[in-house]
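I have placed the structure first, in the form of C-alpha coordinates, so that the comments after it can refer back to it.
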Amino acid sequence: MKNPAVSRSKFFNRSGYSIYAFYIIASAIVLTAIFAGTSPILAAHSTSKLSEPWMKKSLTPEQRANLLLHAMTLDEKIAMVHGVDPRPIKGYVGYVPPNPRLSIPALRLADGRAGVGNDAKNVTLLPAPIAVAASWDTALIHKYGQVLGKEEWEKGTNVALAPSIDVVRVPEWGRTFESYGEDPYFNGQMAISEIQGIQSQGPIANANMYLTMNQEDNRFKENSVVDVRTLHEIYLPPFEAAVLQGHVGTVMCAYVKTNGIYSCESQYLLNNLLKRQLGFSGWIMSDWDATQSTVASAKGGLDQQMPDGAFYGQPLKTAV
(Lines give C-alpha, C1' and ligand atoms only; values in the text may rest on other atoms or scores of the structure.)
Protein backbone atom coordinates (compact mmCIF):
# COMPACT_ATOMS: atom_id res chain seq x y z
CA MET A 1 0.00 0.00 0.00
CA LYS A 2 1.81 3.09 -1.21
CA ASN A 3 0.53 6.56 -0.43
CA PRO A 4 2.30 9.74 -1.59
CA ALA A 5 3.20 11.85 1.39
CA VAL A 6 5.22 14.75 0.10
CA SER A 7 2.95 17.44 1.48
CA ARG A 8 1.06 18.15 4.65
CA SER A 9 -2.34 17.97 2.92
CA LYS A 10 -1.68 14.49 1.57
CA PHE A 11 -1.04 13.22 5.08
CA PHE A 12 -4.50 14.29 6.05
CA ASN A 13 -6.26 12.89 3.02
CA ARG A 14 -4.97 9.34 2.78
CA SER A 15 -7.30 6.87 1.17
CA GLY A 16 -7.49 3.26 2.30
CA TYR A 17 -8.43 2.22 5.78
CA SER A 18 -9.62 5.71 6.75
CA ILE A 19 -9.70 5.76 10.58
CA TYR A 20 -6.04 6.62 11.11
CA ALA A 21 -6.79 9.92 9.43
CA PHE A 22 -5.58 12.06 12.30
CA TYR A 23 -3.64 11.85 15.53
CA ILE A 24 -4.19 14.38 18.28
CA ILE A 25 -1.66 15.99 20.53
CA ALA A 26 -3.72 18.12 22.88
CA SER A 27 -4.23 19.31 26.46
CA ALA A 28 -5.14 22.54 28.21
CA ILE A 29 -1.44 23.44 28.22
CA VAL A 30 -0.14 21.69 25.08
CA LEU A 31 -1.73 23.01 21.87
CA THR A 32 -2.93 20.62 19.16
CA ALA A 33 -0.77 19.07 16.48
CA ILE A 34 -2.45 16.76 14.00
CA PHE A 35 -1.32 13.97 11.71
CA ALA A 36 -2.71 11.29 9.48
CA GLY A 37 -1.89 7.89 8.21
CA THR A 38 -3.40 4.45 7.90
CA SER A 39 -2.11 1.05 8.87
CA PRO A 40 -3.33 -2.40 7.92
CA ILE A 41 -3.00 -3.46 11.56
CA LEU A 42 -5.36 -0.64 12.56
CA ALA A 43 -7.97 -1.48 9.95
CA ALA A 44 -10.23 -3.13 12.50
CA HIS A 45 -10.91 0.29 14.00
CA SER A 46 -11.77 1.87 10.67
CA THR A 47 -15.43 0.97 10.27
CA SER A 48 -16.68 1.01 13.83
CA LYS A 49 -18.08 4.50 14.28
CA LEU A 50 -18.41 6.22 10.93
CA SER A 51 -21.34 8.24 12.23
CA GLU A 52 -19.04 10.26 14.46
CA PRO A 53 -18.64 13.75 12.93
CA TRP A 54 -14.83 13.71 13.07
CA MET A 55 -14.88 10.68 10.78
CA LYS A 56 -16.33 12.64 7.87
CA LYS A 57 -13.75 12.92 5.09
CA SER A 58 -15.64 15.84 3.58
CA LEU A 59 -14.42 18.03 6.45
CA THR A 60 -10.95 19.54 6.64
CA PRO A 61 -8.38 17.93 8.95
CA GLU A 62 -8.60 20.96 11.24
CA GLN A 63 -12.40 20.70 11.43
CA ARG A 64 -12.19 17.01 12.19
CA ALA A 65 -9.57 17.52 14.86
CA ASN A 66 -11.56 20.30 16.51
CA LEU A 67 -14.68 18.14 16.61
CA LEU A 68 -12.69 15.32 18.16
CA LEU A 69 -11.07 17.61 20.70
CA HIS A 70 -14.48 18.92 21.70
CA ALA A 71 -15.58 15.37 22.45
CA MET A 72 -12.50 14.50 24.52
CA THR A 73 -12.27 14.65 28.30
CA LEU A 74 -9.18 16.07 29.99
CA ASP A 75 -8.03 12.56 30.89
CA GLU A 76 -8.37 11.49 27.26
CA LYS A 77 -6.31 14.46 26.10
CA ILE A 78 -3.64 13.75 28.71
CA ALA A 79 -3.47 10.11 27.55
CA MET A 80 -2.56 11.25 24.04
CA VAL A 81 0.49 13.28 24.99
CA HIS A 82 2.64 10.54 26.49
CA GLY A 83 3.50 6.92 25.92
CA VAL A 84 3.14 4.00 28.30
CA ASP A 85 6.02 1.96 29.67
CA PRO A 86 6.27 -0.99 29.98
CA ARG A 87 4.62 -1.42 26.61
CA PRO A 88 1.79 -3.95 26.36
CA ILE A 89 3.01 -5.21 22.98
CA LYS A 90 6.49 -6.08 21.73
CA GLY A 91 8.25 -4.86 18.63
CA TYR A 92 8.06 -1.12 19.27
CA VAL A 93 10.06 1.33 21.34
CA GLY A 94 7.09 3.62 21.97
CA TYR A 95 3.35 3.04 22.35
CA VAL A 96 0.32 5.24 22.96
CA PRO A 97 -2.80 3.16 23.72
CA PRO A 98 -5.96 3.44 21.61
CA ASN A 99 -9.14 5.22 22.66
CA PRO A 100 -11.99 2.87 21.69
CA ARG A 101 -14.68 5.33 22.79
CA LEU A 102 -13.60 7.84 20.17
CA SER A 103 -12.25 5.34 17.60
CA ILE A 104 -8.68 6.60 18.00
CA PRO A 105 -6.25 3.75 17.24
CA ALA A 106 -3.00 3.10 19.07
CA LEU A 107 0.17 4.89 18.02
CA ARG A 108 3.16 2.61 17.48
CA LEU A 109 6.67 4.05 17.28
CA ALA A 110 9.74 2.07 16.20
CA ASP A 111 13.45 2.70 15.78
CA GLY A 112 14.75 2.67 12.25
CA ARG A 113 17.88 4.62 11.44
CA ALA A 114 19.56 1.71 9.62
CA GLY A 115 16.61 -0.62 9.16
CA VAL A 116 13.61 -1.59 11.30
CA GLY A 117 14.70 -1.92 14.91
CA ASN A 118 13.36 -3.28 18.20
CA ASP A 119 14.10 -6.95 17.47
CA ALA A 120 12.00 -7.02 14.29
CA LYS A 121 12.31 -10.20 12.25
CA ASN A 122 12.44 -10.72 8.48
CA VAL A 123 13.56 -7.17 7.73
CA THR A 124 16.48 -5.77 5.75
CA LEU A 125 19.71 -4.86 7.51
CA LEU A 126 20.39 -1.57 5.76
CA PRO A 127 23.78 0.17 5.53
CA ALA A 128 24.55 2.88 8.06
CA PRO A 129 23.05 6.18 6.89
CA ILE A 130 26.48 7.86 6.81
CA ALA A 131 27.66 5.16 4.38
CA VAL A 132 24.68 5.76 2.08
CA ALA A 133 25.22 9.51 2.31
CA ALA A 134 28.82 8.99 1.17
CA SER A 135 27.37 8.24 -2.27
CA TRP A 136 26.17 11.85 -2.54
CA ASP A 137 23.15 10.32 -4.29
CA THR A 138 19.81 11.77 -3.17
CA ALA A 139 17.90 9.33 -5.41
CA LEU A 140 19.64 6.42 -3.67
CA ILE A 141 18.82 7.66 -0.17
CA HIS A 142 15.22 8.22 -1.28
CA LYS A 143 15.06 4.52 -2.21
CA TYR A 144 16.71 3.74 1.15
CA GLY A 145 13.88 5.62 2.85
CA GLN A 146 11.30 3.76 0.80
CA VAL A 147 12.67 0.38 1.87
CA LEU A 148 12.74 1.47 5.50
CA GLY A 149 9.26 3.00 5.32
CA LYS A 150 7.74 -0.03 3.62
CA GLU A 151 9.17 -2.49 6.13
CA GLU A 152 8.18 -0.30 9.09
CA TRP A 153 4.66 -0.04 7.68
CA GLU A 154 4.37 -3.78 7.20
CA LYS A 155 5.31 -4.25 10.84
CA GLY A 156 2.46 -1.93 11.89
CA THR A 157 4.65 1.09 12.68
CA ASN A 158 2.97 4.50 12.51
CA VAL A 159 6.04 6.60 13.39
CA ALA A 160 9.49 5.61 12.15
CA LEU A 161 12.08 7.24 14.40
CA ALA A 162 14.32 8.26 11.50
CA PRO A 163 16.29 9.98 10.15
CA SER A 164 18.98 11.38 12.44
CA ILE A 165 20.11 14.57 10.76
CA ASP A 166 22.41 16.34 13.22
CA VAL A 167 25.63 17.69 11.77
CA VAL A 168 28.67 15.82 13.03
CA ARG A 169 30.81 18.20 15.07
CA VAL A 170 32.56 15.66 17.33
CA PRO A 171 34.16 12.74 15.43
CA GLU A 172 33.93 10.48 18.48
CA TRP A 173 30.18 10.99 18.76
CA GLY A 174 28.70 7.54 19.31
CA ARG A 175 25.87 8.14 16.84
CA THR A 176 27.91 9.53 13.95
CA PHE A 177 26.96 6.48 11.87
CA GLU A 178 23.26 7.43 12.16
CA SER A 179 23.73 10.85 10.60
CA TYR A 180 25.01 11.99 7.20
CA GLY A 181 28.12 14.02 7.92
CA GLU A 182 29.36 17.45 8.88
CA ASP A 183 27.93 19.77 6.21
CA PRO A 184 24.63 21.52 7.06
CA TYR A 185 23.41 21.89 3.47
CA PHE A 186 24.38 18.35 2.52
CA ASN A 187 22.63 16.92 5.60
CA GLY A 188 19.50 18.84 4.70
CA GLN A 189 19.42 17.50 1.15
CA MET A 190 19.90 13.93 2.38
CA ALA A 191 17.18 14.45 4.99
CA ILE A 192 14.66 15.68 2.42
CA SER A 193 15.12 12.62 0.26
CA GLU A 194 15.04 10.05 3.05
CA ILE A 195 12.02 11.63 4.76
CA GLN A 196 10.05 11.70 1.53
CA GLY A 197 11.02 8.09 0.90
CA ILE A 198 9.84 6.98 4.34
CA GLN A 199 6.62 8.93 4.25
CA SER A 200 5.73 7.75 0.75
CA GLN A 201 5.20 4.29 2.22
CA GLY A 202 2.87 5.23 5.06
CA PRO A 203 4.78 5.88 8.30
CA ILE A 204 5.35 9.35 9.66
CA ALA A 205 9.08 10.16 9.71
CA ASN A 206 10.83 11.74 12.68
CA ALA A 207 13.71 14.21 12.33
CA ASN A 208 16.07 13.80 15.27
CA MET A 209 17.76 14.86 17.50
CA TYR A 210 16.89 18.57 17.74
CA LEU A 211 19.24 20.44 18.40
CA THR A 212 23.04 20.58 19.02
CA MET A 213 23.23 16.85 19.83
CA ASN A 214 26.84 16.01 19.09
CA GLN A 215 28.22 13.71 21.75
CA GLU A 216 27.14 10.75 23.87
CA ASP A 217 29.30 11.31 26.93
CA ASN A 218 27.16 12.77 29.72
CA ARG A 219 24.40 13.31 27.17
CA PHE A 220 21.67 13.83 29.78
CA LYS A 221 23.48 16.81 31.29
CA GLU A 222 25.73 18.10 28.50
CA ASN A 223 25.38 21.80 27.69
CA SER A 224 26.12 23.02 24.14
CA VAL A 225 27.10 26.68 24.25
CA VAL A 226 26.37 28.05 20.78
CA ASP A 227 26.08 31.63 19.54
CA VAL A 228 23.03 32.58 17.48
CA ARG A 229 24.84 32.80 14.14
CA THR A 230 26.41 29.35 14.53
CA LEU A 231 23.08 27.92 15.63
CA HIS A 232 21.39 29.24 12.48
CA GLU A 233 24.18 28.51 9.99
CA ILE A 234 25.42 25.12 11.22
CA TYR A 235 22.89 23.34 13.42
CA LEU A 236 19.50 24.49 12.15
CA PRO A 237 19.73 24.06 8.31
CA PRO A 238 19.18 20.27 8.21
CA PHE A 239 16.01 20.63 10.29
CA GLU A 240 14.89 23.63 8.27
CA ALA A 241 15.16 21.55 5.09
CA ALA A 242 13.39 18.61 6.76
CA VAL A 243 10.45 20.84 7.72
CA LEU A 244 10.12 23.15 4.71
CA GLN A 245 11.01 20.72 1.91
CA GLY A 246 10.81 17.26 3.42
CA HIS A 247 7.50 18.01 5.19
CA VAL A 248 8.56 15.79 8.06
CA GLY A 249 5.75 14.82 10.40
CA THR A 250 7.47 14.79 13.78
CA VAL A 251 10.62 16.19 15.35
CA MET A 252 12.42 14.73 18.37
CA CYS A 253 14.02 17.10 20.85
CA ALA A 254 17.42 16.02 22.18
CA TYR A 255 18.80 15.11 25.58
CA VAL A 256 21.32 17.92 25.72
CA LYS A 257 20.95 21.49 26.89
CA THR A 258 21.52 24.36 24.49
CA ASN A 259 22.88 27.46 26.16
CA GLY A 260 21.86 26.18 29.57
CA ILE A 261 18.27 25.12 28.76
CA TYR A 262 17.18 21.56 28.09
CA SER A 263 16.22 21.06 24.44
CA CYS A 264 12.78 19.70 25.34
CA GLU A 265 11.78 22.81 27.27
CA SER A 266 13.49 25.52 25.26
CA GLN A 267 11.11 28.29 24.19
CA TYR A 268 13.70 29.53 21.74
CA LEU A 269 14.36 26.20 20.04
CA LEU A 270 10.84 24.75 20.03
CA ASN A 271 8.35 27.62 19.95
CA ASN A 272 10.40 30.41 18.38
CA LEU A 273 12.57 28.61 15.82
CA LEU A 274 10.70 25.42 15.00
CA LYS A 275 7.03 26.35 15.31
CA ARG A 276 7.02 30.09 14.54
CA GLN A 277 10.00 30.74 12.29
CA LEU A 278 9.88 27.46 10.33
CA GLY A 279 6.11 27.06 10.63
CA PHE A 280 6.39 23.43 11.75
CA SER A 281 2.84 22.13 12.17
CA GLY A 282 3.58 18.56 13.20
CA TRP A 283 4.31 17.51 16.76
CA ILE A 284 7.44 17.54 18.87
CA MET A 285 8.19 14.48 20.95
CA SER A 286 10.96 14.06 23.47
CA ASP A 287 13.80 11.66 23.06
CA TRP A 288 13.33 8.75 25.44
CA ASP A 289 13.63 10.12 29.01
CA ALA A 290 14.80 13.50 27.71
CA THR A 291 11.91 15.37 29.37
CA GLN A 292 13.01 17.11 32.57
CA SER A 293 9.89 19.03 33.61
CA THR A 294 6.13 19.32 33.23
CA VAL A 295 5.10 22.97 33.01
CA ALA A 296 8.37 24.28 31.57
CA SER A 297 8.30 21.64 28.80
CA ALA A 298 4.61 22.12 28.02
CA LYS A 299 4.93 25.89 27.82
CA GLY A 300 8.25 25.56 26.02
CA GLY A 301 6.66 23.74 23.08
CA LEU A 302 6.98 20.00 23.80
CA ASP A 303 3.87 18.12 22.64
CA GLN A 304 4.56 14.54 23.67
CA GLN A 305 6.66 12.93 26.39
CA MET A 306 8.21 9.57 25.67
CA PRO A 307 8.29 6.80 26.66
CA ASP A 308 6.02 7.18 29.69
CA GLY A 309 3.89 9.67 31.61
CA ALA A 310 6.33 10.61 34.37
CA PHE A 311 5.90 14.31 33.52
CA TYR A 312 2.93 14.39 31.13
CA GLY A 313 0.66 11.97 32.99
CA GLN A 314 -0.76 12.88 36.39
CA PRO A 315 1.71 15.79 36.85
CA LEU A 316 0.36 17.45 33.69
CA LYS A 317 -3.24 16.94 34.83
CA THR A 318 -2.36 18.49 38.19
CA ALA A 319 -0.69 21.43 36.44
CA VAL A 320 -3.79 21.98 34.26
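A few points about this structure:
- Farthest towards the positive end of the charge dipole of segment 97-145, among the residues 125, 142, 99, is the Cα of 99, using unit charges on the Cβ of Lys, Arg, Asp and Glu.
- Residue 82 long-range amide H proximity, modeled H, under 5 Å: 305
- Above-threshold pairs, the threshold being 27 Å between Cα atoms, out of 77/299; 275/317; 57/90; 121/143; 56/77: 57/90
- Packing here is the average count of other Cβ atoms within 10 Å per residue, and on that basis the peptides 302-312, 129-139, highest first, run 302-312, 129-139.
- In a DSSP loop and with at most 15 other Cβ atoms within 10 Å, the chymotrypsin sites (Phe, Trp or Tyr not before Pro) in segment 214-246 are 220.
- Of the GluC sites (Glu not before Pro) found in segment 110-217, those in coil by DSSP whose Cβ has at most 10 other Cβ atoms within 10 Å are 172.
- Only Lys, Arg (+1) and Asp, Glu (-1) charged, at Cβ; segment 126-285 dipole about Cα centre in debye: 380
- ³J(HN,Hα) computed for each position of segment 106-119 - Karplus, 6.51 cos²θ - 1.76 cosθ + 1.60, integer Hz, glycine/proline x: 5, 10, 10, 10, 9, 5, x, 5, 10, x, 4, x, 6, 6
- For residue 165, nonlocal amide neighbours, meaning residues 5 or more places apart or on other chains whose placed amide H falls under 5 Å from its own, are 208, 209.
- The mean sequence separation of alpha-carbon pairs under 8 Å and at least six residues apart, normalised by the residue count of segment 172-297, gives a relative contact order of 28 percent.
- Summary of packing: across the peptides 56-64, 285-293, the per-residue average of other C-beta atoms within 10 Å ranks them, highest first, as 285-293, 56-64.
- Potential lengthening between residue 185 and residue 60 on full extension [0.36 nm per residue; Cα-Cα distance subtracted]: 41.5 nm
- Estimated at 0.36 nm per residue, the fully extended path between residue 143 and residue 261 surpasses their Cα-Cα distance by 38.7 nm.
- Electrostatic dipole magnitude of segment 41-200 [Cβ: Lys, Arg +1; Asp, Glu -1; Cα centre; debye, to 20]: 700
- Computed with a 1.4 Å probe over protein heavy atoms only, the accessible surface of segment 177-230 comes to 37 Å² per residue.
- Order by protection proxy (mean Cβ within 10 Å, highest first), peptides 158-166, 207-215: 158-166, 207-215
- Dipole magnitude for segment 166-213: about 100 debye, using +1 per Lys or Arg Cβ and -1 per Asp or Glu Cβ, origin at the Cα centre.
- Centroid-to-centroid, using Cα positions, segment 249-320 and segment 79-139 are 20 Å apart.
The values are calculated or read from the model by the stated rules, or taken from the named source; none is laboratory data. Note that this is a predicted model, so its numbers are computed, not measured. Every residue, glycine as well, gets a Cβ built from its backbone with ideal geometry; the counts of neighbours run over all protein chains shown. Note: accessible area is taken over every heavy atom of the protein model, side chains too, but ligands, DNA and RNA are not part of it. Shrake-Rupley method; radii C 1.70, N 1.55, O 1.52, S 1.80 Å.
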